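Presented below is the structure to which this report refers.
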Amino acid sequence: MMTINEIKGLIDRALAARKHAYAPYSKFMVGSALLCADGSIYTGVNVENASYPAGICAERTAFSHAVAEGHKDFTALVVAGGPEVGGNAVLSRYCSPCGVCRQFMSEFCGRDFIVILAKSREEYKMLKLGELLPHTFSL
Ligand code: THU
């Protein structure tokens, strides 16, 4: 169970990170924040590339950031993304993780892992990874 304050704090981190998204091609800026079991938080942004498929989504950046620092147990992820550019733009839509990111998350997270899609710290919806990817691939 996450408290409202934990949720809002995690959304704040994702929205703050989003300002650093590197999306000169799509202009679709995404920020994410990943809460680890020990309470630490790692952020991610989408990082695009002139060779389009070489770019990476915000969610995978956040997971890679956390794994590189030694984390493998995760509680929740916030995703905040949209075409709005600039500092404190209020997002007009929910940004749902792409299929590749869902599979990437499922490497580390079970069905109950919380995925929060946020437009602002007041407007968000909470899903579980099991709802987003019911039949994950595993070896
Ligand atoms: N993107 C993300 O970072 N996360 C998502 O959940 C969906 C898409 C990025 C990839 C690309 O840089 C841009 O959004 C447009 O597809």
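The values are calculated or read from the model by the stated rules, or taken from the named source; none is laboratory data. In this text, all values refer to a predicted model and were calculated from it rather than measured experimentally. We place every Cβ from the backbone using ideal geometry, glycine too, and count neighbours over all the protein chains shown. Heads up: the accessible areas ignore ligands, DNA and RNA and are worked out on the full protein's heavy atoms, side chains in. Shrake-Rupley method; radii C 1.70, N 1.55, O 1.52, S 1.80 Å.
Descriptive notes on the structure:
- Normalised by 2.2 N^0.38 Å, where N is the number of residues, the alpha-carbon radius of gyration of region 4-132 equals 0.96.
- Carbon + sulfur, % of accessible area of the chain - ligands and nucleic acids excluded, 1.4 Å: 56 percent
- Cross-linked pairs Lys72/Lys128; Lys27/Lys119; Lys19/Lys128; Lys19/Lys125; Lys27/Lys128: Cα-Cα separations exceed 24 Å for Lys19/Lys128; Lys27/Lys128.
- For the chain, a Gaussian network of Cα nodes joined below 10 Å ranks Pro83, Pro97, Pro53 by mean-square fluctuation, and the top entry is Pro53.
- Stretchable slack from Tyr22 to Ser64, in nm (0.36 nm times residue separation minus alpha-carbon distance): 13.5 nm
- Long-range HN-HN contacts of Thr75 with modeled amide H, under 5 Å: Leu35, Cys36, Ala37
- For region 4-132, with +1 on Lys and Arg beta carbons and -1 on Asp and Glu, the positive-most of Ser92, Cys57, His20 along the dipole: Ser92
- Derived scalar couplings ³J(HN,Hα) [region 91-97; Karplus, 6.51 cos²θ - 1.76 cosθ + 1.60; whole Hz; x for Gly, Pro]: 6, 8, 8, 8, 9, 9, x
- Summed side-chain charge close to Ala58 - residues other than Ala58 whose Cβ falls under 14 Å, Lys, Arg +1, Asp, Glu -1: +3
- Kyte-Doolittle at least -1.0, axis length at least 18 Å by Cα - qualifying DSSP helices, the chain: 4-18
- Estimated FRET transfer efficiency when R0 is 22 angstrom, pair Ile4-Glu107 (beta carbons, to 0.05): 0.15
- Rounded accessible area per residue of the chain, 1.4 Å, Å²: 53 Å²
- Size of charge dipole - region 4-132 - debye, nearest 20, with Cβ of Lys, Arg +1 and Asp, Glu -1, no other charges: 300 debye
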